[in-house]
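The structure under discussion appears below in the form of structure tokens.
Read-outs: derived from the displayed coordinates by stated rules, not from any lab. Every value quoted in this text rests on a predicted model; they were computed, and no experiment measured them. Cβ coordinates were reconstructed from backbone atoms using ideal geometry, including for glycine residues, and neighbour counts include every protein chain displayed.
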Amino acid sequence: MNKLLFFIKRPCVVVIVGKDCSFATKIISKILKDKNVLILGPETSDFFLKKSKLPILVITDSDDEKEISNIKRLAKIIPAHGFLVLNFDKDQIRDIRNVCVAEYLTYGFYKKADLQISDLNVTSDGTNFKINYQGNIVPFWFKESLEKEHIYSILSAIAVGVVSDINLVEISQSLR
């Protein structure tokens, strides 16, 4: 997308970094299908994060020091009106919120995560779990048996939906 067109449309920009980016991108696209949004990978230009109407940096997971360094660099350039969405269950990822001036939303299994998953049930017939966010508990169902890595990607996508002002029930229905 050229810069002139970007300034005319002023889309929300979602940059996804970490493990399982392609699956997270697929789920985020499904949730934000009716929104004016540009979804990019970690190789994105800083320009799009700095100039977006709503820049969102999504961090799934990473153990690679070089990648963590790049993630911290991206987190530092998000403006105050942006959002950082990060995995609360990983100490190294959770601590990235300390280098960012933007608001943040965490997700994970731990009780202190903003968007907490509970009652995870994975069978050969599918996967279901509940999401607790600000006292609201909403069930989610998937026809596939999902691995934990995919569940984290789904949680990151749900968090992006919440940041984009989409109701949890609507998110659950769009992913069904």
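For the reader, a short list of remarks on this structure follows.
- Converting phi to 3J(HN,Hα) with the Karplus coefficients 6.51, -1.76 and 1.60 and the offset θ = phi - 60°, the range 18-30 yields x, 5, 6, 4, 5, 5, 4, 4, 4, 5, 4, 4, 5 Hz in sequence order, with x at every glycine or proline.
- Overall form of the range 120-176 per C-alpha gyration tensor (a/c, 1.5; a/b vs b/c): prolate
- Here the peptides 36-43, 152-159 are ranked by packing, the mean other Cβ count within 10 Å, and the order with the highest first is 152-159, 36-43.
- Using only side-chain charges placed at the Cβ, +1 for Lys and Arg and -1 for Asp and Glu, the dipole size of the chain relative to its Cα centre rounds to 740 debye.
- Long-range HN-HN contacts of Phe109 with modeled amide H, under 5 Å: Asp89, Ile117
- Projecting the Cα positions of Phe88, Ile131, Val162 onto the charge dipole of the chain (unit charges on Cβ atoms of Lys, Arg, Asp and Glu, taken about the Cα centre) puts Val162 furthest along the positive direction.
- GluC sites (Glu not before Pro) lying in DSSP loop within the range 124-176, provided at most 14 other Cβ fall within 10 Å: Glu144, Glu147
- For the Cα trace of the range 3-175, dividing Rg by the Kirkwood Rh returns an Rg/Rh value of 0.95.
- Each of Phe129, Phe83 was scored by other Cβ atoms within 10 Å of its Cβ. Listed from fewest to most, they are Phe129, Phe83.
- Under the convention that each Lys and Arg Cβ holds +1 and each Asp and Glu Cβ holds -1, the size of the dipole of the range 109-157 around its Cα centre is about 200 debye.
- Under the simplified labelling scheme, the Lys50-Asp119 pair shows an inter-label distance of 4.7 nm, with each label point 7 Å from Cα along Cα→Cβ.
- Amide proton proximity set for Val15, modelled H, under 5 Å, gap of 5+: Leu40, Ile56, Leu57, Val58
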